[in-house]
Amino acid sequence: MGLRALFLDFEEARARAKSFLPRALFEYIDRGTEGEQALVALRSGFDARRVVPHVLRPVSQIDLSARYLGDQRRSPLIIAPTALAGLVRFDGEVLMARAAAAAQVPFVVSTQSSTSIEAIAGQVPQAELWFQLYVWRDRTQTWKLLDRIARCGVETLLLTVDTPGSPKKVHNARNGFGVPLKPSLTLSLDLALHPRWTVGVMGRYLAQGGLPSYGHYPGSVAKAVTAAIRDERFALDMVLDNAFIAELRRRWSGRLLLKGILSAGDAVQAFEEGCDGIVVSSHGGRNHDSAAQPLEVLPGIRRAVGTSATILADSGVQRGSDAAKLLAAGADAVLLGRAPLYGLAADGEGGVVTMLDQLAEELRAFMAFTGAPDLGALSSCQWVG
Ligand SMILES: Cc1cc2nc3c(=O)[nH]c(=O)nc-3n(C[C@H](O)[C@H](O)[C@H](O)COP(=O)(O)O)c2cc1C
């Protein structure tokens with residue numbers, strides 16, 4: 001008899017993450033922005049969409065293989081970029097890369113990861129690493145970062161374009177969570193109440209010489225999460241225009257995708273600028289509380305860019321059925337943000353693999369119940385709601 005699984009679905013993994021992580025870190029991951037209506041809209045949007053199953057054409061074999069960016073893949077799942085995943089577990093990004101390699105899915109490393117792409121690629125050469133770019137004000141430094149990424153063998157770059165401002169997050173302010181992380185009574189209590197994290201994650205980092213920081217910033221600029229980034233050259237340049245995308249396209253010879261598209265017009269423009277794909281995303285409901293949700297806009301975007309263009313999508317996926325609904329609405333593959341982070345918090349590398357397996361199993365079950373033998377068949381399903 002096998003060991004009892006630590007969690008059986010997203011909700012159980014989330015509950016484990018909630019008890020393991022300091023509240024400030026859990027809420028940084030879990031919560032939204034302003035009144036958190038985007039989170040409500042994401043959940044209720046998926047829940048309200050219901051499929052009409054075909055039961056008189058049973059399928060004996062379900063094929064989860066996906067085709068995007070010109071490649072045939074085993075599954076439509078991808079691990080999304082998430083800043084500071086190294087705080088969730090000791091060496092969190094390396095564990096994430098190992099899990100991605102085991103599950104044979106790509107892992108998108110964030111510009112704001114706590115471990116550098118060189119260190120991740122060096123320790124997990126078997127992982128397929130993509131990179132998510134936030135642009136630094138000093139373009140020379142940004143282009144240097146691109147060279148570093150390319151030297152690590154990264155072929156796919158996601159430029160995040162959906163954060164032109166700073167989202168209002170009351171919970172972070174109240175919990176004392178931010179970079180720089182300032183010592184406070186609230187944080188000290190939080191750490192004392194979560195000793196497994198404080199000893200097992202924070203303690204191990206301290207024993208190795210200090211708190212983690214942003215892995216891609218020069219050491220003199222980002223010393224630790226407790227230190228402010230004062231060097232203006234490394235401030236994020238969030239307002240990106242066509243001229244920048246054209247320049248990036250000239251400088252980056254690999255695949256380029258824009259992440260955070262919700263408008264058909266922007267999608268068409270991205271392909272006109274020579275991008276290889278887009279990620280239709282509302283940033284997991286973390287940025288713009290009034291923004292439309294991917295499920296609502298995907299069909300229009302697919303119609304606008306045509307059947308052969310690569311469209312990835314994310315935001316709010318907690319179940320295989322959520323992923324199925326994005327795929328049916330026009331996505332070729334689905335990125336997961338919080339789900340793998342909760343798997344990581346619950347059970348390290350193995351927890352991420354379990355989470356990916358469970359989502360794939362749920363997707364397979366959805367397809368069997370619906371009468372869809374492959375992902376392509378999802379788009380011809382009949383939907384209500
Ligand atoms: C803790 C956390 C940190 C994130 N950091 C980044 C980031 O650095 N860059 C980025 O493009 N998106 C970032 N995202 C957004 C994810 O890439 C993704 O779009 C989103 O999480 C998908 O929604 P989901 O979490 O509901 O799956 C982050 C998300 C979370 C939860």
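One table, with the values for the structure above:
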{"item": "Residue 99 more than 14 Å from the ligand (Cβ to nearest atom), at pLDDT 95 or above, in contact with a Leu (Cβ under 8 Å, 6 or more places away or on another chain) and farther than 30 Å from residue 375 by Cα", "result": "no"}
{"item": "Filter result for the condition that a residue is under 21 Å from residue 279 (Cβ atoms), touching a Leu at 6+ places or on another chain (Cβ under 7 Å), modelled with pLDDT of 90 or more and away from the ligand (no atom under 13 Å from the Cβ), over 161, 154", "result": "154"}
{"item": "Residue match in region 294-302 (condition: modelled with pLDDT of 95 or more and assigned to a loop (DSSP other than H, G, I, E, B))", "result": "no"}
{"item": "Selection status of residue 181, touching a Gly at 6+ places or on another chain (Cβ under 6 Å) and away from the ligand (no atom under 14 Å from the Cβ)", "result": "no"}
{"item": "Unique residue being modelled with pLDDT under 85 and within 22 Å of residue 86 (Cβ to Cβ) when the list is 211, 133, 191", "result": "211"}
{"item": "Filter result (farther than 27 Å from residue 186 by Cβ, more than 20 Å from the chain's Cα centre (by Cα) and in contact (Cβ under 8 Å) with a residue 24 or more places away in the chain) within region 1-55", "result": "5, 6, 7, 8, 48, 49, 50, 51, 52, 53, 54, 55"}
{"item": "Any hit, region 57-69, residues being more than 27 Å from residue 126 (Cα to Cα), in contact (Cβ under 8 Å) with a residue 60 or more places away in the chain and surrounded by 20 or more Cβ atoms within 10 Å (Cβ to Cβ)", "result": "no"}
{"item": "Residues of region 184-215 classified as out of contact with any helix residue (DSSP H, G or I) (no Cβ under 6 Å at 6 or more places or on another chain) and within 16 Å of the ligand (Cβ to nearest atom), total", "result": "4"}
{"item": "Set 324, 222: member being in contact with a Phe, Trp or Tyr (Cβ under 8 Å, 6 or more places away or on another chain), aliphatic (A, V, I, L, M) and within 22 Å of residue 374 (Cα to Cα)", "result": "324"}
{"item": "Counted residues, region 113-140 - those being surrounded by 17 or more Cβ atoms within 10 Å (Cβ to Cβ) and within 14 Å of residue 248 (Cβ to Cβ)", "result": "6"}
{"item": "When residues of region 70-98 are limited to those that are buried (at least 16 other Cβ atoms within 10 Å of the Cβ) and of a type in the set (Lys, Arg), the one farthest from residue 367 (Cα to Cα)", "result": "89"}
{"item": "Some residue of region 365-381 being within 13 Å of the ligand (Cβ to nearest atom), touching a residue at least 40 places away in the same chain (Cβ under 8 Å) and either among the β-branched types (Val, Ile, Thr) or in a helix (DSSP H, G or I) (or both)", "result": "no"}
{"item": "Qualifying residues in region 303-346 (those that are part of a strand (DSSP E or B) and small (Gly, Ala, Ser)) - the one nearest to the ligand (Cβ to nearest atom)", "result": "313"}
{"item": "Residues of region 255-268 that turn out to be more than 18 Å from residue 293 (Cβ to Cβ) and either exposed (fewer than 15 other Cβ atoms within 10 Å of the Cβ) or out of contact with any helix residue (DSSP H, G or I) (no Cβ under 7 Å at 6 or more places or on another chain) (or both), as a count", "result": "2"}
{"item": "Enumerated helices (runs of 4 or more DSSP H) restricted to region 89-176, each holding at least 1 residues that are touching a Cys at 6+ places or on another chain (Cβ under 9 Å) and of a type outside the set (Asp, Glu)", "result": "117-123"}
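The values are calculated or read from the model by the stated rules, or taken from the named source; none is laboratory data. Please read these numbers as outputs of a predicted model, since none were measured by experiment. Note that each Cβ is placed from the backbone with ideal geometry, even for glycine, and that neighbours are counted across all protein chains shown.
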